[in-house]
Amino acid sequence: MNTTPDPSLQIAALGLGGNIGDPPAAMSHALRAIDAHQDCHVTAVSRLYLTPPWGKTDQADFFNCCALVETRLEPEDLLDLCLAIEKDMKRVRDERWGPRTLDIDILAYGTRELKTEKLELPHPRMTERAFVMLPLADLAPQMMISGKKAETWAGSLNSTGIRIAKGDGLWWRLPAA
């Protein structure tokens, strides 16, 4: 058995959310689609959170989670996969921070820093958002983001109104109730 790590594999952290239709089902479908991709494997998913809207506050609460994905895809190829899944799930981008069926963001890709027209890594606003940092801290409390651990960022943010909707990281694999 070969126990040498595969240097082509990277761990990417994804943030998922939505507030139209059945967001937990949409996120579950998205995670399953990512996991089914030949160059990706979902290794962990956070608890599912129900969070007040951020930015544009006159809309329904959001469901949010984070996932760790082992991947051979380059960051922009992973982004293309995520955007294709959003499109398949009928994501419409009408307004910034507006309601959506599904949103998938690449939060981090290993320790890589990147800034292109399509993608910035680590995600430029993730450390300002409790709805991102709480689930990320569930999965990777020691992950370093902009010089601080995920758990430190999570503990420094206002999490008023955020509550746990599903208490373990297996919710995305279970049949809908």
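Only the coordinates and a few stated rules stand behind these numbers; no lab work does. Every value quoted in this text rests on a predicted model; they were computed, and no experiment measured them. Backbone-built Cβ (ideal geometry, glycine too); neighbour counts: all protein chains shown.
The Stokes-Einstein estimate for region 102-177, based on a Kirkwood radius over Cα pairs and taken at 37 °C with 0.692 mPa s viscosity, is a diffusion coefficient of 239 µm²/s.
Can you give the log10 of the normalised intensity I(q)/I(0) at q = 0.22 Å⁻¹, computed with Debye over equal Cα scatterers of region 121-163? Here log10 of I(q) over I(0) equals -0.62. May I ask which of K87/K118; K87/K166; K115/K149 have a Cα-Cα span longer than 24 Å here? Among K87/K118; K87/K166; K115/K149, the Cα-Cα distance tops 24 Å for K87/K166.
Pairs of Cα atoms nearer than 8 Å and 6+ residues apart set the relative contact order; for region 46-135 it is 28 percent.
Once the Cα-Cα distance is subtracted from the 0.36 nm per residue extended length, the K149 to D58 segment shows a gain of 29.6 nm. Sorting E151, E117, E74 from the fewest to the most surrounding beta carbons within 10 angstrom yields E117, E74, E151.
With the cut-off at under 14 Å, measuring from each backbone N in region 111-134 to a point 7 Å along the Cα-to-Cβ line of L83 picks out 116-120. Two numbers describe the Cα atoms of the chain: Rg and Dmax, which are 15.4, 55 Å. Can you give the FRET efficiency to the nearest 0.05 for R72 and K115, using r as the Cβ-Cβ distance and R₀ = 25 Å? Calculated value: 0.65. Packing, taken as the mean count of other beta carbons within 10 Å per residue, orders the peptides 143-150, 46-53 from highest to lowest as 46-53, 143-150.
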